[in-house]
Amino acid sequence: MLGWWMSNSKYPACEALDPCFEVMMKGLSNHVDGEHYFDTLADDVVFEFQYEFPGWPRVTRGRDALISLYSGYGRNIRLDRGDALLVHPSDDGRVVTLEYEVHGKVLASDVPYDNRFVSIATIENRKIVRWRDYMDSLAAWTALSKSG
């Protein structure tokens, strides 16, 4: 068993999101190459976050920028699992729409965190070149705003 100071994650700064990455990879694995979610992204991927959330950008460009953005996630929320996956590939497989849920806890208050997402991935040469993300921002805001 690994201690808190050790990690078997390929991207330890983002391991708080691993349950989310795992459920997304279940939906994407037939359409992209890469073992970890970040490995499936083109270097110049464009991420569009289709929600307003304080401190979160609407657009992030580049794989490294996205990894950096996600590296702070574990300071606030720890995910336990991802589920409720539905996969809707286009006929040519170039666009894959995922519906999924994630569940965990807000670290500061131990309040449960449950959220729903719809993500639309555009794929070229088995790499994700564009990602449009929709989430229940009210669920996130409510969980993070509770004082416990």
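The values are calculated or read from the model by the stated rules, or taken from the named source; none is laboratory data. Source: prediction; values computed, not measured. Backbone-built Cβ (ideal geometry, glycine too); neighbour counts: all protein chains shown. Keep in mind that these areas ignore ligands, DNA and RNA; they rest on the heavy atoms of the full protein, side chains included. Shrake-Rupley method; radii C 1.70, N 1.55, O 1.52, S 1.80 Å.
What does the C-alpha gyration tensor say about the overall shape of the stretch 68-148? Classify as rounded when a/c is under 1.5, otherwise prolate if a/b is larger than b/c, or oblate.
Numbers: a/c = 2.91, a/b = 2.15, b/c = 1.35.
It is prolate, given that a/c is not under 1.5 and a/b is the larger ratio.
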Would you mind computing, in nm to one decimal, how far apart the modelled labels at Lys146 and Lys10 are, each placed 7 Å from Cα along Cα→Cβ? 3.4
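With every protein chain kept in place and ligands, DNA and RNA left out, what is the accessible area per residue of the chain? Probe 1.4 Å, answer in Å². Let's see the in-between values first.
Details: 8320 Å² over 148 residues.
Spelled out: the 1.4 Å probe surface of the chain, per residue, equals 56 Å².
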Could you tell me the largest-minus-smallest coordinate of the C-alpha atoms of the stretch 45-107 on each of the three principal axes, in descending order and whole angstroms? 41, 28, 21
Sequence ranges 36-43, 104-111, 84-91, ranked by mean other-Cβ count within 10 angstrom, highest first: 36-43, 104-111, 84-91
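Based on a Kirkwood Rh over C-alpha pairs, give the Stokes-Einstein translational diffusion coefficient of the chain at 4 °C and viscosity 1.567 mPa s in µm²/s.
On the way: Rh = 15.8 Å.
Taking Rh from Cα pairs, D becomes 82 µm²/s.
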5 angstrom amide H check on Ile128, placed H, neighbours 5+ away: Leu41, Ala42
Using mean Cβ contacts within 10 Å as the protection proxy, how do 50-56, 126-132 order, highest first? 126-132, 50-56
Heavy atoms of Val59 accessible to a 1.4 Å probe, total area in Å² rounded to 10: 70
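To the nearest 500 deg cm²/dmol, what mean residue ellipticity at 222 nm is calculated for the chain from DSSP H runs of n ≥ 4 alone, each contributing -39,500 (n - 2.57), summed and divided by the residues? The partial results should precede the final answer.
Working: 3 runs with 28 residues, N = 148.
Here the helix-only value at 222 nm equals -5500 deg cm²/dmol.
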Rounded to one decimal in nm, the spacing of the 7 Å Cα→Cβ label points at Arg61 and Leu86 is 3.4
Could you work out how much longer the chain between Arg75 and Phe53 gets when fully extended? Use 0.36 nm per residue separation minus the Cα distance between them, nm to one decimal. 6.3 nm
Relative contact order (%) - the stretch 85-148, alpha-carbon pairs under 8 angstrom, separation at least six: 27
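Using a/c under 1.5 as the rounded threshold, could you call the stretch 4-64 rounded, prolate or oblate? The axes a ≥ b ≥ c are square roots of the C-alpha gyration tensor eigenvalues, and prolate needs a/b larger than b/c, oblate otherwise.
Working: a/c = 1.74, a/b = 1.20, b/c = 1.45.
Oblate, since a/c reaches 1.5 and b/c is not below a/b.
Considering only the chain, what is the antiparallel percent among its DSSP beta bridges, to the nearest 5? Could the numbers behind the result be given before it?
Values: 32 of 37 bridges.
Here the antiparallel bridges make up roughly 85 percent for the chain.
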Using the Karplus curve 6.51 cos²θ - 1.76 cosθ + 1.60 with θ = phi - 60°, work out ³J(HN,Hα) for each residue of the stretch 102-114 in order, rounded to whole Hz, and write x for Gly and Pro. 10, 9, x, 9, 7, 5, 5, 10, 6, 6, x, 10, 10
